[in-house]
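*Asks:* Sharing a structure below in structure tokens format, with a few things to ask.
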Amino acid sequence: MNIIINGFLFALSYFSIIPIFKKELDIKEETYKYTLFFFPLIGFLLAILTLVINLFLTQFFHPIYSCIISAILYLFLYGFLHLEAVCDVADGWFASYSGKDVYKIMKEPTIGAIGAIYTFCFVLLKIAIISYILYEKQYGLFILAVVFSRLNLIYLLEYFDFNKNSFLALAFARGSVFNLKFLALFYIIACMFFTSNVISLFIISLLSFYFILKILAKKFSFVNGDCLGFTIEHTELILLNIGLMIIL
């Protein structure tokens, strides 16, 4: 039971800015398996917090302004973690054309101009689509996209080879998640209460995640945590756009 609780607390502390009020966690390799399982739940909690913030702000400000602020705060709630990965992967992608060590470039503490520009444009697109979805009150679609983009890791992570230095990604990949795949169906069933076209959007989510990560794996000859963050962000953006097209 402690392993499960620690898995949840580690997921909460690592993938969000929500404090856990526990100084030390006993992290074992098996802990990462449960961290992976709770990752979509963390996304769900962040989505709910975003919606609560949006509903609160609309009591005082114009709906458009409230939606934009809420969209920005959603990015803040997960500490811009995956957006940092977007920047690193963009830098690595363009550095590969000049024959540089891609992994070294991606792990540098500084960012390049191309990575910064790419991430800036990506953030604009993401804030725009989230704001639009909140303005149209398509709350179920927002929850679904946030949950499914993270749920993909449980079903697809084992099909990729990770860089030997990518400790967290390796730990996730080594964790046996076969049994968790059945438990993770709960997320899919739960999303059916929030919006329609759940199965079709889940398939789109899996395909988007798989092919984006596959492209990165082929380009870099490895996959690491940055690649996962990049893929999560882009899968979420694809789901938000396609989902809105289907609904509207």
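We did not get these values from a lab; they are worked out from the coordinates using the rules stated. Worth saying up front: this structure is predicted, and the values here are computed from it rather than measured. All Cβ positions, even for glycine, are placed from backbone atoms using ideal geometry, and neighbour counts span all protein chains on display.
*Asks:* Among 201-213, 138-150, 35-47, what's the highest-first ranking by average C-beta atoms within 10 angstrom per residue? Mind showing how you got there, number by number?
*Replies:* Working: 201-213: 18.9, 138-150: 25.2, 35-47: 22.7.
In decreasing order of mean packing, 201-213, 138-150, 35-47 become 138-150, 35-47, 201-213.
*Asks:* Based on other C-beta atoms within 10 Å, arrange D26, D88 from fewest to most.
*Replies:* Least to most surrounded, the residues fall as D26, D88.
*Asks:* Once the piece of chain linking E30 and F211 is laid out straight, how much longer is it, given 0.36 nm per residue of separation minus the C-alpha distance between them?
*Replies:* Gain in length upon complete extension: 62.4 nm.
*Asks:* Still on this structure, I have one more. Can you return the lysines within cross-link range of K33? Criterion is Cα-Cα under 16 Å, with same-chain partners fewer than 8 residues away left out.
*Replies:* Within the straight-line limit of under 16 Å, K33 reaches these lysines: K181.
*Asks:* Ignoring everything except DSSP H segments at least 4 long, calculate the 222 nm mean residue ellipticity for the chain; use -39,500 (n - 2.57) per segment, divide by total residues, nearest 500.
*Replies:* Result for the chain, helices only: -24500 deg cm²/dmol.
*Asks:* Quick one: grab the alpha carbon gyration tensor of segment 59-122, order the square roots of its eigenvalues as a ≥ b ≥ c, and give me rounded if a/c is under 1.5, else prolate or oblate depending on whether a/b is larger than b/c.
*Replies:* prolate
*Asks:* Between beta-carbons, use under 14 Å as the cut-off and find the net charge around L216, counting Lys and Arg +1, Asp and Glu -1.
*Replies:* Here the count lands on -2.
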